[in-house]
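Taking it in order: structure first as structure tokens, then the write-up.
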Amino acid sequence: MIKQRFADTVKPTTYENVLGADEIIVSKTDLKGHITYANDVFLRIAQLSEKEAIGSPHCLVRHPDMPRGIFKLLWDTLTDKREIFAYVKNMAKNGNYYWVFAHVTPSMDSSGTVISYHSSRRKPTTKQIEKISPLYATLLDIERKCSNPKEAANASLAALRNKLKQEGCSYDEYVFTI
């Protein structure tokens with residue numbers, strides 16, 4: 001088990017760990033975001049052993065190029081018992097990056113209580129990455145002007161919502177038109 005994000009101890013590289021076009025990364029977490037299952041593709045791309053992955057916080061693979069506001073949106077959506085799709089740049093144990101198009105869903109018991117989370121991730125196209133990257137850079141610029149992580153997440157999420165309002169679309173519509 002690893003207790004902190006790779007970005008806290010490893011310098012990001014400019015090298016990509018390539019996810020195959022037909023590969024799917026699958027992981028499951030508990031309610032606090034700790035990994036309870038990781039498939040072989042996840043372990044290979046993130047360069048983790050199963051022992052390192054299980055019990056670790058899923059945010060260990062969060063790349064510093066990812067805005068906090070996107071993860072706030074993700075957790076707010078999951079808390080509302082709804083699924084979410086998002087483009088995410090992750091970081092492997094050696095500092096290499098990999099992009100995914102994530103589908104995250106809450107798993108519920110028979111009474112409708114959320115008991116865990118499930119995520120399936122595929123490789124996005126180069127065109128999709130080229131479209132989302134400038135938005136994420138803008139959100140990160142907003143976050144850098146904030147005095148603490150919570151303020152940063154709220155500010156960039158507000159900026160994202162303003163952009164969506166200006167474009168006259170929902171988050172889901174925006175994500176699926178990229």
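The values are calculated or read from the model by the stated rules, or taken from the named source; none is laboratory data. The structure presented is a predicted model; accordingly, all values stated were derived computationally and were not measured. Because the Cβ atoms are built from the backbone with ideal geometry, glycine has one as well, and the counts that use them run over all protein chains shown. To get the accessible areas, we keep the full protein, side chains included, count just its heavy atoms, and leave off ligands, DNA and RNA. Shrake-Rupley method; radii C 1.70, N 1.55, O 1.52, S 1.80 Å.
Side notes on the structure shown:
- Estimated inter-spin distance, N94 and K32, nm [label 7 Å along Cα→Cβ]: 3.2
- Of all accessible heavy-atom area on the chain, the percent that carbon and sulfur account for (1.4 Å): 53
- Just so you know, the averaged projected area of the alpha carbon convex hull for the range 123-178 sits at 4.2 nm².
- Accessible area per residue, Å², the chain with all protein chains present, probe 1.4 Å: 53
- Full extension of the chain between K163 and D80 gives 27.7 nm of extra length, using 0.36 nm per residue less the Cα-Cα distance.
- Among P149, P12, P124, residue whose mean-square fluctuation peaks in a GNM of the chain (springs only between Cα atoms under 10 Å): P149
- Take 77-83, 52-58 and order them by the average number of nearby Cβ atoms within 10 Å per residue, most first; the result is 52-58, 77-83.
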